[in-house]
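Remarks on the structure that follows.
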Amino acid sequence: MAEATRLQTLYDAIEDLPQGVTGELINGQLHTQPRPSARHGVAGANLTADLVFRYSRGRGGPGGWWISDEPEVHFVRNEEILVPDLAGWRRERMPQLPDDHRFEVVPDWVCEILSPATASKDREIKLPIYAEHGVGYAWLVDPDRGSLAAYQLTEGDWQPIGEYSGEAIVDADPFPEAGFRVADLWR
């Protein structure tokens, strides 16, 4: 019972964080980080726009997805909570959005936009947790390098699909029709 109380207290701490601070519960510890830089935010907004039109709304693409920025993903309710920069769910797996802010269905895809403050945590802590819980695809966007690396979960390990930079057109699973230039994320 003491562990349940501790975890509830940690979750309450997330809900009490000031505006502009994001909290995650990772391996039973509270992690906080400030809002991202402008370059990071613009990359996320542009990527969201590219994917939402084609995959959520089905305009110029197949539709069939929910795409959300900074969703609170509860891999274990109120205990293992990660907030990817972007995440996507196939509507066949999650026909309706949750009633509150907690996403309890494992995403089919996550995207982390790296920054000097978060790159190590995103790669070394969060990617293994995503793999452990069966997220099928992960993209890492690196504004400093001007790149996007795409991975697919295969037999519990992340396998590279491709790395894109500059004027390269992204056509990586699970969004092969995405069709945007990596450099456009920062334009």
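Considering only segment 130-150, state which residues are under 13 Å from the mean Cα position of the chain (by Cα), within 18 Å of Ser120 (Cα to Cα) and part of a strand (DSSP E or B).
Ala138, Trp139, Leu140, Val141, Ala150
From the set of residues in segment 136-181 that are in contact with a helix residue (DSSP H, G or I) (Cβ under 9 Å, 6 or more places away or on another chain) and β-branched (Val, Ile, Thr), which is surrounded by the fewest Cβ atoms within 10 Å (Cβ to Cβ)?
Result: Ile169.
Quick check on this structure: which one of Arg123, Arg102, Arg90, Arg187 is over 24 Å from Val21 (Cα atoms) and surrounded by fewer than 17 Cβ atoms within 10 Å (Cβ to Cβ)? Quick ask: steps written out before the conclusion?
Values: Arg123 fails: over 24 Å from Val21 (Cα atoms); Arg102 fails: over 24 Å from Val21 (Cα atoms); Arg90 fails: surrounded by fewer than 17 Cβ atoms within 10 Å (Cβ to Cβ).
The conditions single out Arg187.
Any idea how many residues of segment 31-79 are within 26 Å of Ile14 (Cβ to Cβ), at pLDDT 80 or above and touching a Gly at 6+ places or on another chain (Cβ under 8 Å)?
5
Among the residues of segment 115-135, what is the count of those that are closer than 19 Å to Asp69 by Cα and modelled with pLDDT of 95 or more?
7
If the requirement is being more than 9 Å from the chain's Cα centre (by Cα), polar (S, T, N, Q) and surrounded by 16 or more Cβ atoms within 10 Å (Cβ to Cβ), which of these qualifies: Ser68, Ser115?
Values: Ser68 fails: more than 9 Å from the chain's Cα centre (by Cα).
Exactly one of Ser68, Ser115 is more than 9 Å from the chain's Cα centre (by Cα), polar (S, T, N, Q) and surrounded by 16 or more Cβ atoms within 10 Å (Cβ to Cβ), namely Ser115.
The values are calculated or read from the model by the stated rules, or taken from the named source; none is laboratory data. None of the values given here were measured: they were computed from a predicted structure. Quick reminder, even Gly has a Cβ in these numbers, built from the backbone with ideal geometry, and neighbours come from all protein chains shown.
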